[in-house]
Amino acid sequence: MTARITDVVVTGLTGRMGALIAGLAHREPAHRLVGATCRAGSFAVGEDAGAHVGAGLLEVTVESDLAAALARVKDRARTVVVDFTSPSALDAHLAACRAARVPIVVGTTGLEPSHFALLDQAARDIALLHAHNTSLGANLVFALARVAARTLPDADVEIVELHHKKKKDAPSGTAISLGKAVAEGRGVVFDDVKVTARSGIAERTDGEIGLFGVRGGGVVGEHTAYFFLEKERVELTHRVADRAIFAQGALAAAAFLVERAPGRYHMHDVLGLGALA
């Protein structure tokens, strides 16, 4: 049986992640780039998207508005939007997807509680997946961290993340997701037990989950969760060598969302982790 193609509309085509996702969607036989947007006023508006992914002419016009890009789509039943732009654009992107009844994968970071409320509202009408990290390997580590936290309830847990020197936020969204996985495994509220700084007299208390960031050079991303016991320790580590893995995971999520019922979905659904998640 021939696998069906997933049609993909990419927002933020001229951004780093947008370009990666669009290029991969064009090159992979299981996906097809059918729409693209970029910020109003950008030099790319009105151009053919193929020029930005090294594909020649694709007959896909870059729009400044997602609703306009979706209006050009021929088969919305097989179409998914992939959005890695900015929190300020989320409301308009969700509204366009709801109006067109098209699912969306959101990889945008830096979201506030108000944005999560928008995601919940949109999920009443469309299938939606939001992830701080779309790497398949990282999401497997999140699941393993939940298991380790349940299995080793007395272990001291510390999470250390390494990133390039230009990364703005700390701890990273992935480190926070890892910390939340540990908290979920233990049945505690993450915000009640997290510690993000120690200085001076700062003895560790039982039940803390420490999260600490290291910055330097061009490190794409590395996260380690340490589970310390008195005479042994368990380490769960995920290292990123190429940002393309995030694009690959985002496209896997897009394919998963095709023809799904409205609702919130997660990367562990994409991985089929079931009870392990």
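Filtering 44, 99 for residues that are open to solvent by 10 Å² or more (accessible area, probe 1.4 Å), out of contact with any Gly (no Cβ under 7 Å at 6 or more places or on another chain) and either in a helix (DSSP H, G or I) or over 17 Å from residue 254 (Cβ atoms) (or both) leaves a single hit, 99.
Residue-wise test of (1) among the acidic types (Asp, Glu); (2) under 26 Å from residue 108 (Cβ atoms); (3) open to solvent by less than 80 Å² (accessible area, probe 1.4 Å).
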residue	(1), (2), (3)
226	no, no, yes
229	no, no, yes
241	no, yes, no
271	no, yes, yes
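Annotation: of all residues in region 52-77 being in a helix (DSSP H, G or I), open to solvent by 40 Å² or more (accessible area, probe 1.4 Å) and touching a helix residue (DSSP H, G or I) at 6+ places or on another chain (Cβ under 7 Å), the one that is nearest to residue 127 (Cα to Cα) is 76. Each residue in region 217-244 was checked for being out of contact with any strand residue (DSSP E or B) (no Cβ under 6 Å at 6 or more places or on another chain), modelled with pLDDT under 95 and of a type outside the set (D, E, K, R), and 3 pass. If I filter region 53-63 for residues that are within 18 Å of residue 16 (Cβ to Cβ), under 18 Å from the mean Cα position of the chain (by Cα) and modelled with pLDDT under 95, do I get at least one hit? Taking every residue of region 53-63 in turn, none turns out to be within 18 Å of residue 16 (Cβ to Cβ), under 18 Å from the mean Cα position of the chain (by Cα) and modelled with pLDDT under 95.
Candidates in region 132-170 are the residues that are closer than 22 Å to residue 250 by Cα and among the β-branched types (Val, Ile, Thr); of these, the one that is surrounded by the fewest Cβ atoms within 10 Å (Cβ to Cβ) is 141. Among the residues of region 29-41, the one identified as out of contact with any Ser or Thr (no Cβ under 9 Å at 6 or more places or on another chain) and surrounded by fewer than 16 Cβ atoms within 10 Å (Cβ to Cβ) is 29.
Looking at 255, 275, which one is of a type in the set (A, V, I, L, M, F, W, C), at pLDDT below 95 and open to solvent by 30 Å² or more (accessible area, probe 1.4 Å)?
275
Taken over region 1-24, the residue count meeting the criterion of being of a type in the set (A, V, I, L, M, F, W, C), over 17 Å from residue 102 (Cα atoms) and under 19 Å from the mean Cα position of the chain (by Cα) is 7. Among helices (runs of 4 or more DSSP H) entirely within region 105-187, having at least 1 residues that are touching a residue at least 12 places away in the same chain (Cβ under 8 Å) and over 29 Å from residue 91 (Cα atoms) singles out 136-151, 173-186.
The values are calculated or read from the model by the stated rules, or taken from the named source; none is laboratory data. If you're wondering where the values come from, they're calculated on a predicted model, not measured in any experiment. With ideal geometry, Cβ positions are generated from the backbone for all residues, glycine too; neighbour counts draw on all protein chains shown. These accessible areas exclude ligands, DNA and RNA; they are computed on the full protein's heavy atoms, side chains included. Shrake-Rupley method; radii C 1.70, N 1.55, O 1.52, S 1.80 Å.
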